[in-house]
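Take a look at the structure below.
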Amino acid sequence: MIKKIVLFLGLALIVSCSTSDDSPSGGTTDDFDRAALLTNLADNIIIPSYQDFGPKLSTLKGAIESFVATPNQSTLNTARTNWLTAYKAWQHVEMFNIGKAEALNQYYYFMNIYPVTVSDIETGVNTGSYDLNSSNYHDAQGFPALDYLLYGVASDDAGILSKYASDANAQGYKDYLTAVIDQMDSLTQQVITDWTTVYRNQFVNSTQNTATSSLNKFVNDYIFYYEKGLRANKFGIPAGVFSTAPLPEKVEAYYNQEVSKALSLEALNAVQNVFNGKAFNSSATGASFKTYLEHLNTNRGGQNLSTIINDQFNLARTKIEGLNSSFSQQVTADNSKMTDTYDVLQMAVVYLKVDMVQAFNISVDYVDADGD
């Protein structure tokens, strides 16, 4: 995955950004109840998503500790199972790059930058010298590093187990694996604590239409994640949309080779649930981007914009479901299906980044870095 670059400049590609934190993002403010939307986001989606992810990550931490203490097939299998469970839960929180997640020098940089840089991991294993707090190690930690350490350090399970049991650098592998999961767990607990103590009220009470108010920032983070984290990183980059040739080694969960589709479906579900204001692990819905657009009676070509966006999400899901469970294998065998899926995902970028933000009177606060 290319590292995502957010450039806070004076203007965006599509709509101009406010130059003052104290002035409205675009001008007039409508009468939609932003507080209700923010409350639904915080109480029914964001915090419950983190409260689901946190324990699953802690369970993974315990499984890795057991594997490090006793490297055998059973403990390796358990660690792998919990890695996937936590990785799927991560797909529901990665887009929430606001509050403590933003303050931690971009929390997601420490959690899911791929492809992983194997040479950095191996150097750290061999020397014991590495700094996971350094930006130089963003692509050598998090879930992608665990993917490599649990699936990719050797060609088969016997070889992987020997790396942790009898290899000359066995302790180095154990130490690096432990350092990675400890970092992930520590940062996650900080984010959860912040949301459940002080940040929730700050988020909900920031109802103004300014460049730094909660909804304006959240909408930008949401669209950025959809455009970069989902559309580009999971599909466009490995499919070669931004390069001269496909790059099958740049898929998410490359070393596992079986779950890149499952992770992308979790991510799309998370994005659509936020759009519709659907509570986490519940069928209940509340104030949302969807209801905001309907309140404004926003149409495109005579059709309600919220319906158009949901239809596009549903079409993208159908496309993804038709792909190989391994995107790396899909790119190699029939890349046209990956590029077709990318194209469908791309259409929703226009609806979100142009039509929706204009309806909400919110300015885009980042500039594309991938030339699309």
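Values in this text are rule-based calculations from the coordinates and carry no lab data. Since we're looking at a predicted model, the values are computed, not measured. Reconstructed Cβ throughout: ideal geometry from the backbone, glycine too, with neighbour counts over all protein chains shown.
Things to note:
- Count Lys and Arg as plus one, Asp and Glu as minus one, and take only other residues whose Cβ is under 15 Å from that of V204; the net charge is then 0.
- Only one residue of V204, L104, V153 has its Cα farthest out toward the positive end of the dipole of the chain, where Lys and Arg carry +1 and Asp and Glu -1 on Cβ, and that residue is V204.
- Among the listed pairs K100/K174; K228/K337; K61/K250; K217/K319, a Cα-Cα separation exceeding 21 Å is found for K100/K174; K61/K250; K217/K319.
- On full extension, the segment bounded by E102 and N304 gains 69.4 nm, given 0.36 nm per residue less the C-alpha separation.
- Under Karplus coefficients 6.51, -1.76 and 1.60, residue-wise ³J(HN,Hα) of the stretch 51-56 in Hz, glycine/proline x: 6, 7, 5, x, x, 5
- Principal-axis analysis of the Cα atoms of the chain puts helix 73-90 at an angle of about 10° to the longest axis.
- For N299, residues with placed amide H under 5 Å, excluding near neighbours: L305
- Measuring nothing but how far apart in sequence close Cα pairs (under 8 Å, 6+ apart) lie, relative to its length, the chain scores a relative contact order of 27 percent.
- Look at the alpha carbon pairs under 8 Å that are at least 6 residues apart: their mean separation over the length of the stretch 251-328 gives a relative contact order of 41 percent.
- Since only S288, L38, V241 are under comparison, the one whose Cα sits farthest along the positive direction of the charge dipole of the chain, derived from C-beta charges on Lys, Arg, Asp and Glu, is S288.
- Charge dipole magnitude, Cβ of K and R +1, D and E -1 - the chain, Cα centre, debye nearest 20: 440
- N136/A170 FRET efficiency (R0 30 Å; Cβ-Cβ; nearest 0.05): 0.75
- Once the Cα-Cα distance is subtracted from the 0.36 nm per residue extended length, the A158 to A279 segment shows a gain of 39.3 nm.
- The relative contact order of the stretch 203-319 comes to 12 percent, based on Cα pairs under 8 Å that sit 6 or more residues apart.
- Relative to the longest principal axis of the Cα atoms of the chain, helix 260-276 runs at roughly 30 degrees.
- Local charge for F280 was computed over the other residues whose Cβ lies under 15 Å away, with Lys and Arg +1 and Asp and Glu -1, and equals 0.
- Between helix 327-350 and the chain: long-axis angle, C-alpha atoms, 0 to 90°, nearest 10: 20
- I181 sits among other residues whose Cβ lies under 15 Å from its own Cβ, and their net charge, with Lys and Arg +1 and Asp and Glu -1, is -1.
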